[in-house]
1. Mind giving me the nanometre distance, one decimal, between the label points for A:Ala373 and A:Asp141, set 7 Å out from Cα along Cα→Cβ?
2. Angle check, please: helix A:18-54 long axis (alpha carbons) against the longest principal axis of chain A (alpha carbons), in degrees 0 to 90, nearest 10.
3. Which is the longest stretch in chain A that no exposed loop site breaks, taking sites as trypsin sites (Lys or Arg not before Pro) with a DSSP loop state and at most 16 other Cβ atoms within 10 Å?
4. With unit charges on the beta carbons (Lys and Arg positive, Asp and Glu negative) and the dipole taken about the Cα centre of chain A, which residue among A:Met19, A:Ala247, A:Ala383 sits farthest to the positive side?
5. R0 = 25 Å: FRET efficiency of A:Ala194 with A:Ser366, Cβ-based, nearest 0.05?
6. Given charges of +1 on the Cβ of Lys and Arg and -1 on the Cβ of Asp and Glu, with all other atoms neutral, how large is the dipole of the range A:229-350 about its Cα centre, in debye to the nearest 20?
7. Report the label-to-label distance for A:Val96 and A:Ser50 in nanometres (one decimal), using points 7 Å from each Cα along the Cα→Cβ vector.
8. Find which of A:Thr276, A:Ser58, B:Gly72 sits farthest along the positive direction of the dipole of the protein assembly as shown, computed with +1 on the beta-carbon of Lys and Arg, -1 on that of Asp and Glu, about the Cα centre.
Amino acid sequence: MNWLETIRTGLAAVRSHRMRSGLTVLGILIGIAAVMLTVGLGLGAQAQISQQINSLGSNLLIITPGSVTSTSGVRGGSGSASTLTETDATALASKVVAPDIAAVAPTVQRSESLTAGTSNWTTTVVGTTPDWSTVRARTVDSGRFLTSQDMTDHAAVAVLAATTAQQLFGARDAVGQTVTVNGVPLTVVGVLSAAGSTSVANEDDQAVVPLSTASERLFGGATRTSVQSIYLQAQSSDTLSAAYQEANSELSALHHVRTPAGADFTITSQQSILNTATSVTQTLTVLLGGIAGISLLVGGVGVMNIMLVSVTERIREIGLRKALGATPRMIRRQFMIEASVLGLAGGVLGVLLGAVAGAGLSKLISQPIVFSATATLGALAVAVAIGLVFGVYPASRAARLAPIEALRSE
Amino acid sequence: MTTDVLPVLEVPLLELCDVGKTYRSGSLEVEALRGASLSIQAGEFVAITGPSGSGKSTLMHVLGCLDSPTSGTYRLAGQDVSAMSEEELADVRNRRIGFVFQQFNLLASLTAGRNVELPLCYAGVGRVERSAQALEALTRVGLDHRVQHRPGELSGGQQQRVAIARALVGDPALILADEPTGNLDSASTSDVLGLLAELHAAGRTIVLITHESDVAAAAQRTVRIFDGAICDDSDRVSGGAHRARVVRG
């Protein structure tokens with residue numbers, strides 16, 4: 001009996017036990033679809049988060065006040081004031097002190113209510129320097145961004161993000177209009193292009209004003225020269241660590257920090273944020289994939305049961321086939337083909353179901369799903385292997401029986 | 001049929017020489033056959049009878065190469081079968097022997113035609129040739145109008161006739177029937193026995209195993225087996241020319 005004939009026999013056996021074959025295929029199908037979906041969801045979340053973090057800007061370093069000590073949480077400066085100042089930012093912007101730092105954007109921010117005519121909208125007001133647009137990789141859609149002239153003039157101007165402009169002015173052109181913050185009227189000079197929201201903040205809902213205007217005229221208080229964070233952009237990704245070193249030594253000198261443990265500031269690189277976020281989502285992916293793997297395993301146990309039952313109740317058939325002249329090898333081949341057909345059918349249908357369900361789910365929960373070829377192929381291989389091992393092993397045992405013993409069994 | 005099947009007329013088709021078969025299950029040993037010797041010539045119609053437990057089924061399994069003897073030698077068409085490998089035995093069963101079982105043993109998922117084709121499948125006969133031969137065999141047993149029926153759609157007598165067609169199909173030297181009428185009513189019984197007699201008349205060698213004396217009467221020669229050994233052998237046609245030697249173990 002040649003292979004073609006064996007394949008035909010195997011297919012006929014699969015067809016003639018529709019219910020059993022269907023159940024076997026179902027077990028594998030669900031397992032594979034589950035693995036594809038969960039791993040896809042995890043990878044999708046990972047891709048989304050890295051995309052969000054990358055959208056913050058490129059070659060970015062973020063300096064924040066305070067530092068995390070190994071023993072007792074967060075170390076702050078004396079008092080409640082932020083220890084970072086505009087002076088720090090100015091020092092870091094010097095090409096002599098820090099040649100590898102391309103741009104510096106100190107920021108202060110506060111939630112404020114913006115009024116325009118009868119419209120009223122509460123959003124984040126960010127006070128910063130013109131470099132902010134470079135560092136944060138933002139462009140203006142209409143009008144212009146802040147200039148250094150605005151800084152020196154303490155100019156009463158604001159650049160609105162897309163959502164903010166839309167909320168306050170609707171479809172009208174926001175440029176040239178006036179918004180009032182804390183009683184100070186500001187002229188809108190530009191509107192930012194949309195950037196999309198991140199998990200941290202809605203980048204499309206904010207108002208950007210000159211740092212000097214913010215600290216002197218809008219926010220006031222005792223914190224006039226302090227800033228909440230300083231964004232730095234390195235010249236290139238190659239000079240990122242050099243920029244980090246320069247910022248660290250310059251700030252340490254300015255703040256009289258003698259030991260690294262005594263630092264009252266923290267420099268975070270975009271890469272380290274990315275790494276943290278990625279490791280979190282990776283853990284999540286592994287966890288979800290593990291759960292899906294268990295469902296695949298349970299499916300596999302189901303397949304194993306069905307194959308064992310199938311072979312056991314067909315021992316008579318095996319005996320008869322042997323009596324009619326089948327060699328043990330032909331019997332093994334027949335069951336191997338049956339098992340592979342079931343495994344592959346389940347696998348292919350599972351991949352299809354996973355792809356369709358993934359597309360649907362991704363629309364439904366508006367989360368991207370990234371399918372992993374490794375996970376899919378791995379799940380397929382596992383499914384086929386399960387079918388083969390648990391189908392072929394009992395069949396080859398039965399094939400070794402003397403035909404009469406197999407024929408006699410009930 | 002190849003020439004080695006019937007090299008000389010004097011060489012018997014089947015020759016059992018002092019065959020013993022012992023089954024072991026745990027510490028228990030059962031001697032199902034002890035020193036059975038028997039020879040059957042091509043073209044004979046032999047009934048093997050005996051009470052249940054006498055070893056006739058074991059004898060049939062040894063004759064059909066479904067089980068190998070523990071001691072002694074068995075020659076089928078001059079070839080020593082006891083020394084053969086599994087593959088060779090499968091080939092012998094496939095080409096030389098046609099089986100008819102009490103339980104019919106048809107595959108429920110296949111049509112009558114496909115069931116009859118099975119031995120040809122394993123012999124490597126092509127599809128077209130196979131279905132032609134299967135149809136011929138089914139015609140021979142009068143079931144050519146049932147080719148597309150599955151066993152479940154056929155009566156017991158019809159199923160057994162399909163099984164006989166399957167035993168015929170590769171043109172084997174020997175047809176072994178193990179209680180072929182055990183599950184049949186009297187009408188189907190005489191039907192099946194008539195068919196076997198016809199096949200014998202056409203020159204087939206048939207060995208029929210039964211415990212019913214009226215079924216055994218259909219055969220030309222009756223071999224009685226008792227307690228694992230052959231105790232009586234009547235040859236009604238040639239009066240002892242093919243008489244088996246009786247050796248008690």
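1. Spacing of the two 7 Å Cα→Cβ label points: 3.8 nm.
2. 20
3. Details: sites that count: A:Lys95, A:Arg144, A:Arg172, A:Arg224, A:Arg258.
With trypsin sites (Lys or Arg not before Pro) excluded where exposed in loops, chain A gives A:259-410 as its longest stretch.
4. My answer, from the dipole projection, is A:Met19.
5. My answer for the efficiency is 0.95.
6. Computed charge dipole of the range A:229-350: roughly 1280 debye.
7. 4.2
8. Working it through, the farthest residue towards the positive pole turns out to be B:Gly72.
Values in this text are rule-based calculations from the coordinates and carry no lab data. The model shown is predicted, which means the values in this text are computed figures rather than measured ones. Cβ: placed from backbone, ideal geometry, glycine included. Neighbour counts: every protein chain shown.
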